Amino acid sequence: MIRFAILFLLISSRILVAQNKEAILKGTVTSNNIPVPYAAIYIKNSNTGTTTDENGNYNLSVIAGTISLTIRSQGFGTLEKSITLKANETRTLNFELEEDVLGLDQVVVSATRNQINRKNAPVIVKVLTPKVFNAAQSLTLADGLNFQPGVRMETNCQNCGFTQVRMNGLEGQYTQILVNSRPVFSALNGVYGLEQIPVNIIDRVEVVRSGGSALFGSNAIAGTINVITKEPMDNHWEINSTLALIDGKTADRNVNLNASIVSDDLTSGVTLYGIYRNRDAFDANGDGFTEITILENNSFGTKAFLRPNDNSRIGFDFTAIKEYRRGGDQLNLAPQFTNITEELDHNTIFSGMDYELYNDRRTNTFSVYASIQHTDRDSYYGGLGGGTTPEDFELANNAFGTTKDLAFVSGAKFSHDFENNDVLTTGLEYQMNDTDDEILGYNKVIDQSVNSYALYGQYEWKPSKAFTALLGARLDYIDVDGFYSVQDISRTSEVSQTIVSPRITLLYNVTDKLQLRGGYARGFRAPQAFNEDLHISSVGGEQRFVILGEDLENEFSNAFTASFDYTKSFGKTQTNLLVEGFYTSLQNPFTIVSTGTSLSNGSILEETRNGSGAYVAGANIELNIVPSPSLAFQTGLTIQKANYEEDQVLFEADGSTPNETDVIINEFVRTPNIYGFITSYWNINKAFKLDVTGNYTGPMTVPFVVGESGFINLVESQSFFDLTTKLTYHLDLKKEFHVELSGGIQNLFNSYQDDFDTGPMRDSDYVYGPNRPRTFFVGLRVFSD
């Protein structure tokens, strides 16, 4: 008993001593004299912290002494303050945050695979937020990606609406698409997936141009687009509905639902979101064939987190997408009875889970993760092609196909922050993609399995406050086992190879206002089917298929960047100017050549071959001007040149048709030398807001397939300027219940392609410019906060 009493007295005395060493901090966090709810207040390199309540108030117990306090909230600049507190002291300390209107204090993960302020990142990371998507009236990810320098969305097919993103002049397969930082966006998703992800599930999109984020994967040659879905932040719900009339007559209906719940102690939360979209088909030239497809999208998703203790976090996300699209003619008939139809029915699931563990000082972070994507696709690519012979009917009935696609990624990552602020990051990752695509009527098969085992390491060296060097490399063991056939032609791809992809980026803060960056990254792509190979288009009433060429070699890239980033305030006007130069060279680039060969069923064959070397060089320029928190302007421009080092065969004549010769080109097709964007946001008063956004696309060379032979003409397109205006009226029915009414016009000047090919024998890939003509829209949003 005596020993128990002594032990009790010792424990009690230690508790009393600990309590005597404590101090209390309390106060309010505001911005422009308005409380900032749910702002994070924590001691640097510790697990001690709290958040403000809905009125911006906080109360925090700390150990007495000198502490370094950090105050952070999304949309505001980070504030750091060093204070000294005495034991048993209670001090009231209020903090005033400034709005981060330029987004310099945004936390991003795509630069280093770790959370870092965007301004401090050695790699330039641009962020697209819901503010941009709302201003541009974007319904899907594909609608909003245009508002970054060097990034351009394009539509590639009138029959199915195939879209792809081009970064720094390179096609979509050169860009690594991530979902919540995981590479589960497969080649099949690259065909239609950008238009399947609704913006209401997106928290932000991080864009890294060129190969600066090569640690995510060696395919990130043109850059990386990281789609971060919404986290549960507070108790909130929202209903948003819009109606658009394409060319004033074709309806596009959309309803979004969002809701989130977070526990009072902020240790758990869940958010739910759903979308219903129904778009009618649009025929631009009255020939009875679609330029914009029928589209029905039903999506549902959730994201949740749990903090078992102060030093760990479990995250889970799930998204299910069901999408149907159809284009061509006679949409009321079964597809095999039409002249041309492309019909696709997708069922896609994205899901992932991660676990993070920290030490008390937050200097060590360990995480494990796994994500999966699975897609079932039923498809029809065919029709009678304008004919009505028994052979036409047989081919039309055999044009149904199925695709199953599975992508999986798992890995572990460890990072350590040293006392001198250096950071070491290491990890291992396994990626798998299995694709089985069949159209038995054409004997078209893609049976491909790609496995990648990777180790990566990165050291963020900070010898001084002004200089940062990021040194890293990724070691990939790639195993590709592929079988590809069309009619009586078959090919295989068997690759087992180990590749090292190094990267280095440098950041030098000349002053607090001027930053210089530079970098180099190497990447590669193994011979395999990419998104264009999984897309089928029609020309001359027949289908056009792509198959891998024989003896394909790996494609390698070397990417160099250099940038000048200047931020300065003129009174209350904040400005930022970014000038970024880029140069990317390609060795053995994969190119698609139209062989001019007709298969036994009349279809046209295209072949992927290794081309001569190529390069893309240019500059991205971005200017931000923010006169006040209620008014902001942003504009970006890309000037570039994308050429092959030697003339490239685009069409190879087979001698079967008189007067046809090889078509030779030395520049990338569908790649304008100049393009750009503008955005402006104006909060006129508490009730009204005006947004103006626009995209400019300069002239480019577009291939146009003429007739059944597959012969290609090269057409110089016109330039386009697609401007959108949107007016929003905000009404507070109650303190926490709000209504917004909006309306506007997309493509105000009706800058739209006017030379579409016509009829059942058309080249369905001859489409360029803005994705829709002048479109009127209205919207209603009801939400709580």
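Per-structure values
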read-out: Solvent-accessible area, 1.4 Å probe, carbon plus sulfur percent, for the chain; value: 56
read-out: FRET E, pair Asp264, Glu296, Förster distance 45 Å, beta-carbon r, rounded to 0.05; value: 0.65
read-out: Accessible surface ranking that places the most exposed of Thr229, Thr389 first, with a 1.4 angstrom probe; value: Thr389, Thr229
read-out: Per-pair calculated FRET efficiency, R0 = 56 Å: Asn397 and Thr70 via Cβ, rounded to 0.05; value: 0.25
read-out: Phe414 versus Val368: modelled label distance in nm, points set 7 Å from Cα along the beta carbon direction; value: 1.3
read-out: Additional length obtainable on full extension of the chain from Lys322 to Thr573, 0.36 nm per residue less Cα span; value: 85.8 nm
read-out: Rounded Å value of the spacing that divides the Cα centres of the stretch 431-478 and the stretch 263-342; value: 26
read-out: Model label zone, Asp512; criterion: amide N under 13 Å from point 7 Å along Cα-to-beta-carbon; scope the stretch 548-588; value: 567-569
read-out: Long-range amide H partners of Leu178 with built H, under 5 Å; value: Ile225, Asn226, Val227
read-out: Cα convex hull volume per residue for the stretch 325-462 (Å³); value: 136
read-out: For the stretch 621-642 and the stretch 138-160, distance of Cα centres in Å; value: 19
read-out: Orientation-averaged projected area, Cα convex hull of the stretch 400-539 (nm²); value: 12.2
read-out: Spin-label pair Ala469/Asp662, simplified geometry with 7 Å Cα→Cβ offset, distance in nm; value: 4.7
read-out: Column: log10 I(q)/I(0), Debye, Cα scatterers of the chain, q = 0.06, 0.07, 0.08, 0.10 Å⁻¹; value: -0.39, -0.53, -0.69, -1.07
read-out: Spread of Cα-to-Cα distances over 5 Å intervals beginning at zero, given as percent, for the stretch 321-364; value: 5, 16, 15, 10, 9, 7, 6, 6, 6, 6, 5, 5, 6, 1
read-out: Gain upon complete extension [Lys734, Phe564; 0.36 nm per residue less C-alpha separation]; value: 56.5 nm
read-out: Cα-based convex hull volume of the stretch 333-402 per residue, rounded to whole Å³; value: 102
read-out: Net lengthening on full extension, Leu257/Ile684 (0.36 nm per residue, minus Cα-Cα); value: 151.0 nm
read-out: Surface accessible to a 1.4 Å probe, per residue, for the residues of the chain, Å²; value: 41
read-out: Calculated FRET efficiency for the pair Arg91/Glu54, C-beta based, R₀ 25 Å, to 0.05; value: 0.65
read-out: Degrees separating the helix 2-20 axis from the principal Cα axis of the chain, which is the longest one; value: 70
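The values are calculated or read from the model by the stated rules, or taken from the named source; none is laboratory data. Because the structure is a prediction, the values reported are computed rather than measured. Here the Cβ is made from the backbone with ideal geometry for all residues, glycine too, and neighbour counts use every protein chain on show. Only protein heavy atoms, including side chains, enter the accessible area calculation; ligands, DNA and RNA are left aside. Shrake-Rupley method; radii C 1.70, N 1.55, O 1.52, S 1.80 Å.
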